[in-house]
Amino acid sequence: MTPIILQVRNLKKYFPVRANLFSREQKFVHAVDDISFNVTKGRTLGIVGESGCGKSTTARLIANLMPADSGAIIFNGEGVGEIGGLELKSFRKKLQMVFQDSFASLNPRLTISETISYGPMVHDTSKEDAHLQAHDLLAKVGLDPDLFASRYPHELSGGQRQRVNIARALAFNPEVVILDEAVAALDKSVQAQVLNLLQDLKAEFELTYLFISHDLHVVHYISDDVMVMYLGQIVEMGPVEQVYSEAAHPYTRALLSAIPSMDPAHRTQKSPITGDPPNPIHPPSGCRFHDRCEHARAICASLVPALMPVQSSHVVACHMNHPSSGYETSGSDVQYASAGATR
Amino acid sequence: MSSRARISGRSYWFVVFHQLKHEPVALFSALLLLLIFLAAIFAPWLAPSDPYATSMIHRLQPIGSPDHLLGTDELGRDMLSRLMFGGRLSLLMGVAPVFMAFVIGTSIGLFAGYVGGKINMIIMRMLDVFYAFPSVLLAVAISGALGPGMMNSLFALTLVFIPQLVRVAESVTTQVRKLDYIEAARMSGARSFSIIRVHVLGNVLGPVFVYATGLLSVSMILGSGLSFLGLGVKPPEPEWGLMLNTLRSAIFKEPLIAALPGAMIFVTSIAFNLLADGVRSAMDIKR
Amino acid sequence: MFFYVLRRLLYAIPIALGVTLISFLLVYLAPGDPLNAIAPSDAPAETIAALKVAYGLDKPLPMQYGLWLLRAVQGDLGVSIASGRPVAAEVLTAVRNTLVLAGIAGAIGIFFGCLLGALAGYWHGSWIDRIATFLSVIGVSVPHYWLGMVLTIIFSTWLAWFPAMGAGPGGSAEWLWDYAHMRHLVLPAITLCVIPLGIITRTVRALVADMLDQEFVIALRARGLSNATIFKHVAKNTAPTVLAVSGLQLGYLMGGSILVETVFAWPGTGFLLNTAIFQRDIPVLQGTILILCMFFVALNLIVDIIQPLIDPRMARA
């Protein structure tokens with residue numbers, strides 16, 4: 001059994017929204033609503049879902065870029081930021097993040113080597129050492145240090161900039177790297193190069209990745225495990241091959257069938273999922289997917305499904321997959337139930 | 001390969017300066033300003049005569065008089081010398097309040113923008129009150145209440161510009177703060193002070209600087225205006241605005257001389273504005 | 001929309017209160033005992049004592065402010081030291097004259113600014129654009145008190161077309177809309193209109209040039225719409241910004257007129273303010289500033305409220 005490097009426990013984040021000046025009622029966007037999962041050392045966990053499902057918020061919560069409302073992050077058995085646990089500053093060194101916008105994530109006023117060496121210098125590395133290390137790292141991410149070290153971000157292409165961002169993350173010698181849509185803004189050909197680079201670096205530096213993406217092809221390519229999120233909750237999680245071939249949740253199946261097929265014999269005939277995700281201020285009762293789900297029955301609108309295993313490490317939150325849930329005996333009259341339950 | 005290596009490694013300010021060299025109007029303005037500043041700074045050595053020496057028999061000599069190239073004023077003092085000496089205080093009125101407001105305003109704006117939230121809101125709402133005063137009125141009100149005097153008008157002008165610069169600095173800081181590179185810097189575990197110094201300041205300074213250069217001419221016109229009203233520099237000190245005021249009695253006899261100090265303010269202020277425009281467009285390059 | 005107006009109103013209240021506070025504190029900015037600022041320096045001791053009680057100067061500062069505010073709201077701004085007349089009456093006459101001057105100057109500046117700016121923006125890069133740019137640089141760079149002097153020299157001294165001083169024949173302070181008075185208005189109004197003219201030309205030029213590059217305008221052109229229709233679309237989209245800038249400029253004119261009024265001896269607030277400063281007539285100074293700023297706050301409020309009527313997006317922001 002490989003060790004678990006990162007545990008996420010009951011993480012929650014609600015963003016307050018103000019309807020108008022005179023409404024006393026405080027409303028919240030349920031961005032991340034009570035999620036728990038483990039990340040195994042040396043594996044890549046892909047996180048997928050539609051935009052607005054809470055993927056990026058999850059990443060920012062784990063990275064401590066915003067405070068969680070509740071929940072815990074446990075790194076190598078130590079609670080992050082807890083008394084007697086792991087100090088935030090040391091945690092920063094062990095977990096790094098690469099952002100989607102390669103340009104916005106580089107300070108336009110700093111040269112490439114200044115950007116990379118800033119972090120280590122914060123952690124008391126001398127300026128000379130930090131710059132030497134920056135040169136090494138540039139070479140590692142496939143950029144000639146002599147050519148790039150003293151350049152400014154605007155003089156680089158998107159792919160080159162993203163390599164710099166990766167080098168900056170690696171400068172801390174981290175154990176976990178969160179890649180938040182890190183290749184989404186790149187051209188397909190550049191994307192492939194960067195993905196291969198990430199694979200190589202992972203082996204070389206013994207990294208663990210959290211790979212957040214809306215692109216199911218890319219997730220399939222790079223991940224060992226995959227986690228599917230819908231409206232701030234986990235609906236399905238498991239080894240990537242198993243989830244892709246035997247998706248148990250209707251939402252995962254819908255997502256997967258929405259991938260344009262390369263095979264003309266398998267043209268997508270109809271849209272597997274209709275409408276927009278519901279308003280996250282008032283998420284549907286019961287299973288949050290029930291109002292878009294073709295298999296929904298009355299029980300789906302009233303009872304929240306728990307994450308339960310279908311196979312050893314493959315879990316899913318859907319009544320349909322769990323014989324004891326009462327789904328089989330539930331009436332199909334979902335309209336009535338949901339009309340009463342949702343506002 | 002060598003040409004690519006040459007492009008690389010040019011800092012932002014270097015590029016801006018380089019860009020500015022290709023703007024003839026801005027370059028000419030800068031040269032003109034340099035000339036005016038040098039004449040003012042070295043007035044004690046350059047001026048042909050004593051700017052305070054009055055002469056009742058040589059009052060209001062016309063421009064081109066043998067001893068007085070630009071004539072004499074209503075008390076017979078040499079205009080050229082007075083204009084050169086006058087530049088010292090008038091230029092000071094243009095530069096000093098903007099500089100002080102730039103330092104103070106940027107600090108407050110950076111702080112407010114970086115901290116954000118309620119503290120930011122309180123600071124900005126307080127400054128909105130100052131915004132409710134038209135700037136001329138505020139300057140006149142403060143220096144009017146304080147009484148005439150150059151220090152009082154410098155103080156008044158600084159106070160007028162601070163809210164404007166705070167607002168610019170705050171809005172740029174708020175924009176910059178949301179960018180991913182600030183998040184990335186926070187991921188490194190750096191302290192806020194280090195992040196502000198290394199990552200925020202450098203990116204906020206540019207836009208605030210552009211705005212401040214645009215204020216130079218406003219400051220000089222306002223500062224000389226206060227002296228024109230009798231609220232700034234006191235006679236017999238030479239200062240363009242004050243000279244314009246005391247020469248008002250001469251507009252029938254020697255209108256050209258009477259208009260001369262104002263022409264100096266006008267020329268300097270145009271040069272300030274054209275230079276500011278040049279700096280603005282030079283800094284507008286896609287970083 | 002209703003909530004928007006209400007929000008704007010609520011927002012204007014603390015600003016207005018802040019303005020009153022600063023105006024109130026002006027007395028304390030003045031060097032020496034605030035009493036010196038209120039009472040004539042040669043007043044007998046019992047008068048001073050009476051004044052002290054009358055103005056509540058024996059009470060703590062916040063209370064003094066409260067009492068002063070209460071009086072100010074009722075229209076009592078104190079008594080002028082110089083003339084002995086109520087400040088409110090003096091200021092209101094002056095405000096009327098300033099409004100006439102600033103209003104006319106503003107109207108000229110806004111009208112020609114929009115015209116020039118629109119032409120310059122439409123024929124971006126042409127000779128008319130260059131002239132407009134040149135004029136707007138001059139407009140924002142010229143010390144208007146000097147421009148006033150130059151205009152006086154040319155049109156009063158040399159050409160003798162217009163009078164140089166006052167608001168009417170024989171130094172009349174009472175404004176009338178007749179030919180004799182209008183002649184007095186010409187030079188100050190032209191002098192004062194230069195600032196908004198420059199700024200509005202600049203704004204409109206940039207807006208129009210930018211708008212014509214927008215995809216929706218290109219799409220309109222591609223559909224073969226006439227220039228007049230395109231102009232209507234452009235005007236509709238630039239109007240809110242132009243309105244906001246114009247409102248602000250109109251307010252600045254009321255303050256900026258101080259210097260021009262001094263040059264032309266125009267009997268407005270600037271002139272009053274200037275006299276008050278040199279007679280150390282602090283109640284008049286305070287009252288004038290307060291009333292002018294209240295006008296400015298009200299003007300901003302009106303602009304804020306009109307804007308979403310032109311551009312409905314604003315109300316939701």
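Rule-based calculations on the coordinates, nothing more; no lab input. Note that this is a predicted model, so its numbers are computed, not measured. Neighbour counts are summed over all protein chains in view; Cβ atoms, including those assigned to glycine, are modelled from backbone coordinates with ideal geometry.
Could you state the angle between the C-alpha long axis of helix B:135-146 and the longest principal axis of the C-alpha atoms of chain B, as a value from 0 to 90 degrees rounded to the nearest 10?
It works out to around 70 degrees.
Compare A:Leu156, A:Leu179, A:Leu137 in a GNM of chain A, Cα atoms joined below 10 Å, and give the one with the largest fluctuation.
Ranking A:Leu156, A:Leu179, A:Leu137 by mean-square fluctuation puts A:Leu156 first.
What shape does chain A take by its C-alpha gyration tensor, where a ≥ b ≥ c are the square roots of the eigenvalues and a/c under 1.5 counts as rounded, a/b above b/c as prolate, and the rest as oblate?
Details: a/c = 1.99, a/b = 1.70, b/c = 1.17.
It comes out prolate by the Cα gyration axes.
Can you compute 3J(HN,Hα) from phi for each residue in the stretch A:209-216, using the Karplus curve 6.51 cos²θ - 1.76 cosθ + 1.60 with θ = phi - 60°, rounded to whole Hz and x for Gly and Pro?
These are the phi-based 3J(HN,Hα) values: 10, 10, 10, 9, 7, 9, 8, 5 Hz.
Quick query: amide H of A:Val29 versus all other amide H atoms, modeled in the peptide plane; which residues come in under 5 Å with a sequence gap of 5 or more or a different chain?
A:Phe15, A:Val17
What is the sum of charges, Lys and Arg at +1 and Asp and Glu at -1, for the other residues whose Cβ falls under 14 Å from the Cβ of A:His249?
Residues close to A:His249 contribute a combined charge of -1.
Cα-Cα over 29 Å: which of B:Lys118/C:Lys52; A:Lys12/A:Lys89; A:Lys27/A:Lys93?
From B:Lys118/C:Lys52; A:Lys12/A:Lys89; A:Lys27/A:Lys93, over 29 Å: B:Lys118/C:Lys52; A:Lys27/A:Lys93.
Quick check: convex hull over the Cα atoms of chain C, volume per residue in Å³, rounded to an integer?
It comes to 168 Å³ per residue, whole-number rounded.
First select every other residue whose beta carbon is under 14 angstrom from the beta carbon of B:Met84; then total the charges, Lys and Arg +1, Asp and Glu -1.
Net charge in that neighbourhood comes out at -2.
Which residue fluctuates most in the GNM of chain B (Cα springs below 10 Å): B:Arg191, B:Arg59, B:Arg177?
Among B:Arg191, B:Arg59, B:Arg177, the largest GNM mean-square fluctuation belongs to B:Arg191.
Averaged across C:255-263, how many Cβ atoms of other chains sit within 10 Å of each residue's Cβ atom?
5
Arranged by the count of other C-beta atoms within 10 angstrom, fewest first, what order do A:Val177, C:Val95 take? Mind showing how you got there, number by number?
Details: A:Val177 24, C:Val95 19.
Least to most surrounded, the residues fall as C:Val95, A:Val177.
Taking θ = phi - 60°, what integer Hz values does the Karplus form 6.51 cos²θ - 1.76 cosθ + 1.60 yield along the stretch C:267-275, in sequence order, with x for Gly and Pro?
Here the 3J(HN,Hα) series is x, x, 5, x, 4, 4, 4, 4, 4 Hz.
222 nm [θ] for chain B, helices only, -39500 (n - 2.57) per DSSP H run of 4+, per residue, to 500?
My calculation for chain B gives -23500 deg cm²/dmol from helical runs alone.
Of B:Met126, B:Tyr211, B:Val198, which is farthest on the positive side of the dipole of the stretch B:107-241, counting Cα position, with +1 on Lys and Arg Cβ, -1 on Asp and Glu Cβ, and the Cα centre as origin?
The listed residue farthest towards the positive side: B:Val198.
From other protein chains only, count the Cβ atoms within 10 Å of every residue's Cβ in B:191-199, then give the mean.
Counting Cβ atoms of other protein chains within 10 Å of each residue's Cβ and averaging gives 2.
Roughly what would the spin-label model give for B:Val267 and C:Tyr28, points 7 Å off Cα along C-beta, in nm?
4.7
Say we join alpha carbon atoms closer than 10 Å with springs in a Gaussian network model of chain A; which of A:Ala317, A:Ala139, A:Ala248 then has the biggest fluctuation?
Sorting by GNM fluctuation, first place goes to A:Ala139.
Given the protein assembly as shown reduced to its alpha-carbon atoms as identical point scatterers, what log10 I(q)/I(0) does the Debye formula return at q = 0.05, 0.07, 0.08 Å⁻¹?
Normalising to I(0) and taking log10 leaves -0.43, -0.78, -0.94.
Hey, with R₀ at 41 Å, roughly what FRET efficiency would C:Ala265 and C:Ile306 work out to, going by the Cβ-Cβ distance, to 0.05? Kindly include the intermediate steps, with their values, before the conclusion.
Values: r = 35 Å, r/R0 = 0.85.
For C:Ala265 and C:Ile306, the calculated efficiency is 0.70.
Rounded to the nearest 0.05, what FRET efficiency do C:Thr93 and A:Lys27 give with R0 = 45 Å and r taken as the Cβ-Cβ distance? Could you check?
That gives a FRET efficiency of 0.25.
Rounded to the nearest 20 Debye, what is the dipole magnitude of the protein assembly as shown about its Cα centre when Lys and Arg each give +1 and Asp and Glu each give -1 at the C-beta?
Numbers: 70 positive and 67 negative charges, 139 e Å.
The dipole magnitude comes to about 660 debye.
Considering amide H positions built from the backbone, and no H for Pro or chain starts, which residues 5 or more places from C:Ser80, or on another chain, come under 5 Å of its amide H?
C:Arg85, C:Val87
Helix-derived [θ] at 222 nm for chain A: sum -39500 (n - 2.57) over DSSP H runs of at least 4, divide by residue count, nearest 500?
-9000 deg cm²/dmol
How far, in degrees from 0 to 90, does helix B:150-177 lean away from the longest principal axis of the Cα atoms of chain B, to the nearest 10?
Compared with the principal axis, the helix lies near 20 degrees.
Using a simple charge model, +1 on the beta-carbon of Lys and Arg, -1 on the beta-carbon of Asp and Glu, nothing else, what dipole does chain A show about its Cα centre, in debye to the nearest 20?
Value, rounded to 20: 780 debye.
If you add up the charges near B:Arg191, with Lys and Arg at +1 and Asp and Glu at -1, over every other residue whose beta carbon is less than 11 angstrom from its beta carbon, what do you get?
+3
Which of the lysines could a cross-linker bridge to B:Lys253, judged by Cα under 28 Å and excluding same-chain residues fewer than eight apart?
Partners within reach: B:Lys234.
Read phi for every residue in the stretch B:78-89 and hand back ³J(HN,Hα) as whole Hz from Karplus 6.51 cos²θ - 1.76 cosθ + 1.60, θ = phi - 60°, with x for Gly and Pro.
Whole-Hz 3J(HN,Hα) from phi for the stretch B:78-89: 5, 5, 4, 5, 5, 5, 5, 5, x, x, 4, 6.
Compute the helix-to-body angle for C:179-212: its Cα long axis versus the longest principal axis of chain C, expressed 0 to 90° and rounded to tens.
Between the helix axis and the principal axis of chain C, the angle is about 50 degrees.
How many angstrom lie between the C-alpha centres of the stretch B:146-180 and the stretch A:25-56?
Each part's Cα centre sits 43 Å from the other's.
Tell me which residues come under 5 Å, amide H to amide H, from A:Val226 once H is placed; ignore anything under 5 positions away on its chain.
Answer set, sorted by chain and number: A:Gly46, A:Gly238, A:Val240.
Fewest first, what order do B:His18, A:His30, C:His184 take by the number of other Cβ atoms within 10 Å? Show your work: numbers first, answer last.
On the way: B:His18 12, A:His30 20, C:His184 23.
Neighbour counts put them in this order, fewest first: B:His18, A:His30, C:His184.
Return B:Glu183, A:Glu50, A:Glu241 ranked ascending by Cβ neighbour count within 10 Å, so the fewest neighbours appear first.
Working: B:Glu183 19, A:Glu50 16, A:Glu241 13.
Neighbour counts put them in this order, fewest first: A:Glu241, A:Glu50, B:Glu183.
Using r as the Cβ-Cβ distance of C:Val73 and C:Gln214, and R0 as 56 Å, what FRET efficiency do you calculate, to the nearest 0.05?
0.70
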